[in-house]
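Before any comments, here is the structure.
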Amino acid sequence: MNDEFKKLKQKLDEVKDICLVSHIHPDGDSIGSLLGFGLALENINKKITMIKVDDIPYKYKFLPQVSKLKNYEENKKFDLLIVLDCSDLDRLGSFKHITENARYIVNIDHHISNTNYGDINIVDHKAAATGELVYNILDYLNMNINKEIATCLYVAIATDTGSFRYDNTHSRTHYIVSKLLEKQIDLKKVTFEVFQNKTLASTKLFIEALNTLELYYDNRLAVVQVTQQMLKKNNAEFNDIDGIVEYIRDIDTVEVACILKEIKEDEIKIGLRSKTYVDVANIAKVFQGGGHIRASGCTIYNNISKAKELIIREIGLNLR
C-alpha cells in the first residue's frame, strides 16, 4: 500500500487539473470521501472538479461545500481522475465514459469486490470506509485537515460503519475518528442531519415497505420490496429507501435481509445484509454484483417477481 501512496504523491506533484467522482445512488461514504479529498486538494492549489453523478440525498445536503459538486461538462478532459468508493467502473452508471477523458486514473476503495481498474489502486477491504482511506492518504501526504474536511470524513466513516456498530469497525477506525473530532466538528449537527432528520415522505415509504415484509427459511430470511409505484404514491425519492434493509435485518430470527428496489420494470436493484455468518458478497457475485461480506448488492435485469424468486433461491443455498 505504501508504494501506491508514493505513486499518488508523485502524480499529485505532477498534475494540476484533477477530477473526483464517485458512484451513482450516493451514500454518506461516497459523498463524504469525495468532498473531503476534493477540499483538501483545493487547499494545496489544485484545480479541482467534483462531479455529481446523481441527486444528493436530503440528509447530506448540509455537508460543507456540497454545492461544489457539479454536473459533468461533456468531453471535458482531466490530467487525473480520482474515483472513490467504486468497486468497478460500472458503478459510475452513465458517467462511465468520463474515464476516457482522463490521462490517469486513481482508484480509492474498500470493497472486497474491487476490480483494481486504476493506474494507481489504493484498495483495502479491511478499511471500514473509503473515508478512512482518504484520511490515511491525507495523513501520509501531510495535508491539512480542517473542520470542513473532518466533517466530511466523519460522515463517511460514521455512515458506512452504521454509527460504529458494524463489524468492519476496528481500533484504527476509532483512532481516525478521534483525530477528526479534535477538529471541533459540530457533532450535534451531524447527528441530527444524518441520523435524526427524516422527511415525511421517507417515513411513509418506510411504513409501506415494511408492509411488504415476507419471511422465508424458518424466518432466517427477511425480504421487502419498493416499487416505482410506491415511490410515486409517497412522493419519495430513491434515496429515501436508505435504512429499510438494516431495520429488517435486526429482527431477532433473521440472518439475511434483502430489499428489492425497482429502478424500472426490468431492472431491480438488490440490497443484501447479513448478521453473523452468511457472506452476502458471494451471493451478490452470482448476479455480477459485490460489496462486503455483511453488506452487498447487485442488479437483476428482470421483473420484480422473477428477481425476487431468483435471489430468494440463491440466499437459501447459503443459509444453514
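Pull out a ≥ b ≥ c, the square roots of the eigenvalues of the alpha-carbon gyration tensor of region 174-320, then state rounded if a/c is under 1.5, prolate if not and a/b is larger than b/c, and oblate in the remaining case.
It is oblate, given that a/c is not under 1.5 and a/b is not larger than b/c.
What relative contact order, as a whole-number percentage, does the chain give when Cα pairs under 8 Å and 6 or more residues apart are counted?
RCO, the chain: 13 percent.
Checking the a/c ratio against 1.5 first, then a/b against b/c, what shape does the Cα gyration tensor give for region 228-278?
In terms of gyration-tensor shape, prolate.
Once you keep just the Cα pairs under 8 angstrom separated by 6 or more residues, what percentage relative contact order results for region 1-70?
Result for region 1-70 is 35 percent.
Modelling each spin label as a point 7 Å along the Cα-to-Cβ direction, I'd like the Ile251/Lys7 distance in nm, to one decimal.
4.6 nm
Amide H to amide H, which residues 5 or more places from Ser113 or on other chains are under 5 Å from it, using H placed in the peptide plane?
Under 5 Å from the amide H of Ser113 lie the amide H atoms of Gly291, each far enough along the sequence or on another chain.
Counting other Cβ atoms within 10 Å, which GluC sites (Glu not before Pro) in region 123-210 have at most 15 and lie in a DSSP loop?
Counting only loop positions with at most 15 other Cβ atoms within 10 Å, the GluC sites (Glu not before Pro) in region 123-210 are Glu182.
Between Leu317 and Asp90, what length comes free when the chain is fully extended (0.36 nm per residue of separation minus the Cα-Cα distance, one decimal in nm)?
Here the answer is 79.0 nm.
Mind giving me the FRET efficiency for Lys204 and Asp55? R0 is 22 Å, r the Cβ-Cβ distance, nearest 0.05 is fine.
0.70
How big is the gap, in Å, between the Cα center of region 70-111 and the Cα center of region 163-239?
For region 70-111 versus region 163-239, the Cα centre distance is 27 Å.
For His97, put the label point 7 Å out on the Cα→Cβ axis and report which residues of region 37-75 keep their amide N under 15 Å from it.
Residues 72-75 qualify, since their backbone N sits under 15 Å from the label point.
Over its Cα atoms, what ratio of radius of gyration to 2.2 N^0.38 Å does the chain give?
0.98
Using modelled amide H (1.01 Å from N, peptide plane; none on Pro or chain starts), what sits under 5 Å from the amide H of Met50, excluding residues fewer than 5 places away?
Leu20, Lys70
Indicate the gyration tensor shape class of region 50-147 (rounded, prolate or oblate), computed on the Cα atoms with a ≥ b ≥ c the square roots of the eigenvalues: a/c under 1.5 is rounded; otherwise a/b larger than b/c is prolate and the rest oblate.
Rounded shape, in that the Cα axes give a/c under 1.5.
Kindly express, to the nearest 10 degrees and within the range 0 to 90, the angle between helix 130-140's C-alpha long axis and the longest C-alpha principal axis of the chain.
20 degrees
Provide the per residue accessible area, probe 1.4 Å, for the chain, rounded to a whole number of square angstrom.
I get 46 Å² per residue for the chain.
Show me, for region 280-287, the HN-Hα J-couplings you get by feeding each phi into the Karplus relation (A = 6.51, B = -1.76, C = 1.60, θ = phi - 60°), rounded to Hz, glycine and proline as x.
6, 5, 5, 5, 4, 4, 4, 10
If you restrict to DSSP beta bridges whose two residues both lie in the chain, what percentage is antiparallel, to the nearest 5?
If I count the DSSP bridges inside the chain, around 40 percent turn out antiparallel.
Are there chymotrypsin sites (Phe, Trp or Tyr not before Pro) in region 187-282 that DSSP puts in a loop and that have at most 11 other Cβ atoms within 10 Å, and which ones?
Passing both the DSSP loop test and the Cβ count: no residue.
What list of ³J(HN,Hα) couplings, whole Hz, do you get for region 242-251 from phi and the Karplus terms 6.51, -1.76, 1.60, once you set θ to phi - 60° and write x for glycine and proline?
3, x, 5, 5, 5, 5, 6, 4, 7, 4
Considering Cα pairs under 8 angstrom that are at least six residues apart, work out the relative contact order of region 165-320 and quote it in whole percent.
15 percent
Once phi is turned into ³J(HN,Hα) by the Karplus curve 6.51 cos²θ - 1.76 cosθ + 1.60 with θ = phi - 60°, what whole-Hz value does each residue of region 223-229 show in order, with x for glycine and proline?
10, 10, 9, 10, 9, 4, 4
Of the peptides 76-83, 26-33, 104-111, how do they stack up when ordered by the mean number of other Cβ atoms within 10 Å, highest first?
Ranking the peptides 76-83, 26-33, 104-111 by packing returns 26-33, 104-111, 76-83.
Can you tell me which of 120-131, 4-15 comes out highest on packing, and rank the rest after it, using the mean Cβ neighbours within 10 Å?
Sorting 120-131, 4-15 by mean packing, highest first, produces 120-131, 4-15.
Which percent of the accessible area of the chain is formed by carbon and sulfur heavy atoms (probe 1.4 angstrom)?
Roughly 46 percent, rounded to a whole number.
The values are calculated or read from the model by the stated rules, or taken from the named source; none is laboratory data. None of the values given here were measured: they were computed from a predicted structure. Reconstructed Cβ throughout: ideal geometry from the backbone, glycine too, with neighbour counts over all protein chains shown. All accessible areas refer to the heavy atoms of the entire protein, side chains included, with ligands and DNA or RNA removed. Shrake-Rupley method; radii C 1.70, N 1.55, O 1.52, S 1.80 Å.
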